[in-house]
Amino acid sequence: MATSLRARRSGSPPPDAPPARSSRPGAHRPAGGGPSALRRRLYRWDLKATPYAFVAPFFLTFAAFGLFPLLYTGWLSLNRVELGGDPQWKGLENYTDLADSEFFWNALGNTFTIGVISTVPQLLMALGLAHLLNYKLRARGFFRVAVLAPYATSIAAATLVFTQLFNKDYGLINSALGLVGFDPVDWESSKWPAQIAISVIVTWRWTGYNALIYLAAMQAVPHDLYEAAALDGASRWRQFLSVTIPSIRPTILFTVIVSTIGATQLFGEPMLYGGSVGISGGSGNQFQTLSLLMYEKGWVTGALGQASAIAWVMLLLLLLIGGVQALLARADRKKLGG
């Protein structure tokens, strides 16, 4: 006891006291950090590397099947490339040849006209269908599924059916026109009838798809707006124009851009509609689109360099469309914010 009191007075620990632990972190750990330090390092690496591991398959797939073909096509567009031959550098000659080619300008004009006469009616009818399906109807679920059925139909099946309907000699369309006193229309050899027939196929397939997109946007519109408009005496038509259309304007802009991009890449419908001359867009190239011209240059005539140049022109057109979309979306946001 006396020894303990003297030890406390002198500040030294008593002889039987346990050894004191150092307050410095890590003083009691063995040299090198030990297993716990290794686990902490692995844990930190796991936190940093796991997100990249999850997104790596997408970027690897995109690099292999998206980025590399894009860059390789750009290189081919600057060369003269034929099937089975070695590339020969031509610079921008393929692009200047396109600028001087009447076939290119014809295909560009056909792509534009078919796109307009298929996109505008398609979106207008989709808007009307969505407005009708937005009300409480009997068997509303059945109608919503029914409008999507054309989209689920394959391009080949739909085009072959409409080819028979638009047949000049025995088609149902000409038979119906004959009942009201019109002469038979050559829906394949004439330019505008052929483009109208192709546009009908595109409109039939995509109207229901766009209608469901509009319907989803309409269901997100607050009902308070309709109730306030009804209290002010607005009819359903006025509510549609003053409440529904402004509320779903971003969705309308989205469908316009997507439909325009689809029209720029139109390929299956005109090729199947033309039959044996479908690749050339008819006997007189009356409905040949840019996609058909690219296919013909690459795999029929074997001019892969020119086909690659057409592909890059289409890419530039799509980028231009995307830029217009961004400008319109920004102006719309500013307008709504102001």
Self-check item: Cα-based Rg / Dmax (Å) for the stretch 43-160
Solution: 24.3, 66
Quiz item: Across bins of 5 angstrom width beginning at 0, how are the C-alpha pair distances of the stretch 239-338 distributed, in whole percent?
Solution: 3, 12, 16, 16, 14, 10, 9, 8, 7, 4, 1, 0
Quiz item: Any idea what angle helix 34-62 forms with the longest principal axis of the chain, computed on alpha-carbon atoms, 0 to 90 degrees, nearest 10?
Solution: 10
Quiz item: So who's got an amide H within less than 5 Å of the one on residue 79, skipping anything under 5 residues away but keeping other chains? H placed 1.01 Å off N, in plane.
Solution: 90
Self-check item: Calculated diffusion of the stretch 116-243, Stokes-Einstein form, Kirkwood radius summed over Cα pairs, 4 °C and 1.567 mPa s, µm²/s
Solution: 76
Quiz item: Heavy-atom accessible area per residue, the chain, 1.4 Å probe: how many Å²?
Solution: 63
Quiz item: How big is the equivalent ellipsoid of the stretch 58-119 along its three axes, where each semi-axis is √(5λ) from the Cα gyration tensor, reported in whole Å from largest to smallest?
Solution: 27, 22, 9
Quiz item: Length gain on complete extension for the stretch residue 247 to residue 330, per 0.36 nm per residue less the alpha carbon to alpha carbon distance?
Solution: 28.3 nm
Quiz prompt | the chain - percent of accessible surface contributed by carbon and sulfur, probe 1.4 Å | solution = 66
Quiz prompt | the stretch 121-161 - Rg and Dmax from Cα coordinates, angstrom | solution = 12.3, 36
Exercise. Order 55, 221, most accessible first, counting only protein heavy atoms with a 1.4 angstrom probe.
Key: 55, 221
Practice problem: Straight distance only, please: which lysines reach the Cα of residue 297 with their own Cα at less than 29 Å, same-chain residues fewer than 8 apart left out? | Solution: 90, 191
Self-check item: Reach of residue 136 by Cα under 25 Å, taken over lysines that are not fewer than 8 positions away in the same chain
Solution: none
Quiz item: How far is helix 249-264 tilted, in degrees, relative to the longest principal axis of the Cα atoms in the chain, given as a value from 0 to 90 rounded to the nearest 10?
Solution: 60
Quiz item: Roughly how many Å² of residue 75 are accessible to a 1.4 Å probe, to the nearest 10?
Solution: 110
Quiz item: What is the Cα centroid distance between the stretch 130-191 and the stretch 248-263, reported in whole angstrom?
Solution: 23
Self-check item: Table column - 3J(HN,Hα) (Hz), the stretch 110-127, Karplus curve with 6.51, -1.76, 1.60, x for Gly and Pro
Solution: 5, 4, 5, 5, 5, x, 5, 6, 9, 6, 5, x, 4, 6, 5, 5, 5, 5
Quiz item: Counting pairs of Cα atoms in the chain, how many percent are more than 30 Å apart?
Solution: 60
Quiz item: Once label points are set 7 Å from the Cα along Cα→Cβ at both residue 45 and residue 177, what is their separation, rounded to one decimal in nm?
Solution: 7.3
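The values are calculated or read from the model by the stated rules, or taken from the named source; none is laboratory data. All values reported here derive from a predicted model rather than from experimental measurement. Cβ atoms come from the backbone with ideal geometry, glycine included; neighbour counts cover every protein chain shown. Calculation scope for accessible area: heavy atoms of the full protein, side chains included, ligands and nucleic acids excluded. Shrake-Rupley method; radii C 1.70, N 1.55, O 1.52, S 1.80 Å.
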